[in-house]
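Peer 1: I'd like to ask you about the structure that follows.
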Amino acid sequence: MAALWARTLGLLGLGMLVWACVSTALLQGRGDAFLNLRPLQDRTLGVGLVLAALWLGPLWRRPDAAEPRIWRPRALAALGVAMIGDIALIVLLHLPTHSPGLIAIAGAIACMGALAAICMVTLALETPRSQWLLPAQCALALLAGAVLFFAFMAWLWPGQMAAGGVPSLVLLGAIAAALLLATWLGEGRDALLPLPARWPRWMLLLALLAIPLLLVGVLAIKPGLQKPVWGLAVLAMAAVIGLDARQRIIAPGLGRNGA
């Protein structure tokens, strides 16, 4: 169970780190508007760092005898790059002298490290049976990370957050669902059938498509409910990631790390 929690929260944290680093690097130089974003940047970068660090537990576990060890040091290295870049970005944001170039470099390093860590950690903890597993995990992390980032934005943004950018989550959800389906099809013909045995996969696909659509609809009708709505969306995405990880852990011959 501890490994399952680490996978779920770690993937959520790495996904948010990507968006937090990209937004911080792109929005600098906006004067007072950039300074007003400091609470949002501090919390997203800090929480992303803490959640990403949860991957250290499964990665430091003593590997099994039959487990290929080449990916474990690479995963730790990628995770270290992401965390060091994130810490450097936080420090640079609080220096008395603003350094746009260094902030952009630190943000790019942390972002690339986070994306690499998603792939390397996946390879370190399980044996892929489909070439689509890594793209699917990246899409899932980016979708969940975007939802968590928007949730922080809803709580900390100075003023009412518009729902104009939320429809982009619909596209991310569709991409994640398509890549998950491709992953399952690559693992065998019984990707979605028989229905009684594969209902968790149907629930995953439905959730990935429905959560962004529900967000768009509810926020368009009741924008004042953005705080509780985004909170529920984060919990729903965490459940999706956890269910996906659990399905691969308990499937025969797939998971190596157990939970």
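The values are calculated or read from the model by the stated rules, or taken from the named source; none is laboratory data. No experiment lies behind these values; they were computed from the predicted model shown. Reconstructed Cβ throughout: ideal geometry from the backbone, glycine too, with neighbour counts over all protein chains shown. Accessible surface is based on the protein model in full, side chains and every heavy atom, while ligands, DNA and RNA are left aside. Shrake-Rupley method; radii C 1.70, N 1.55, O 1.52, S 1.80 Å.
Peer 1: When both residues are 6+ apart or on different chains and their Cβ atoms are under 7 Å apart, which pairs have a first residue that lies in region 98-117 and is farther than 16 Å from G13 by Cα, and a second that is open to solvent by 40 Å² or more (accessible area, probe 1.4 Å) and outside any helix (DSSP H, G or I)?
Peer 2: Within 7 Å, the pairs are P100/G29.
Peer 1: Turning to a different aspect of this structure: Would you point out which residue out of L172, L185, L206 is modelled with pLDDT of 95 or more and either of a type in the set (D, E) or under 20 Å from L134 (Cα atoms) (or both)?
Peer 2: Working: L185 fails: modelled with pLDDT of 95 or more; L206 fails: either of a type in the set (D, E) or under 20 Å from L134 (Cα atoms) (or both).
The match here is L172.
Peer 1: While we're on this one: Quick test for you: out of L185, L206, pick the one residue that is in a helix (DSSP H, G or I), touching a residue at least 40 places away in the same chain (Cβ under 8 Å) and open to solvent by 40 Å² or more (accessible area, probe 1.4 Å).
Peer 2: On the way: L206 fails: touching a residue at least 40 places away in the same chain (Cβ under 8 Å).
On inspection, the qualifying residue turns out to be L185.
Peer 1: Here are some conditions: (1) among the β-branched types (V, I, T); (2) open to solvent by less than 40 Å² (accessible area, probe 1.4 Å); (3) modelled with pLDDT under 90. V216 meets all but one. Which one does it not meet?
Peer 2: Here V216 clears every test but (2).
Peer 1: Might you let me know whether region 182-191 holds any residue that is in contact with a strand residue (DSSP E or B) (Cβ under 6 Å, 6 or more places away or on another chain) and under 29 Å from R61 (Cβ atoms)? Spell out how you get there, then give the answer.
Peer 2: Residues of region 182-191 in contact with a strand residue (DSSP E or B) (Cβ under 6 Å, 6 or more places away or on another chain): none.
Checked region 182-191: no residue is in contact with a strand residue (DSSP E or B) (Cβ under 6 Å, 6 or more places away or on another chain) and under 29 Å from R61 (Cβ atoms).
Peer 1: Within region 131-158, which residues are free of Cβ contacts under 8 Å to residues at least 60 places away in the same chain and not in a helix (DSSP H, G or I)?
Peer 2: Within region 131-158, Q131, W132 meet the criteria.
Peer 1: Looking for whichever is hydrophobic (A, V, I, L, M, F, W, C) and touching a Phe, Trp or Tyr at 6+ places or on another chain (Cβ under 6 Å) here; the options are A236, A210, A191, A178. Which one fits? Can you show your working first?
Peer 2: Details: A236 fails: touching a Phe, Trp or Tyr at 6+ places or on another chain (Cβ under 6 Å); A210 fails: touching a Phe, Trp or Tyr at 6+ places or on another chain (Cβ under 6 Å); A178 fails: touching a Phe, Trp or Tyr at 6+ places or on another chain (Cβ under 6 Å).
Residue meeting the stated conditions: A191.
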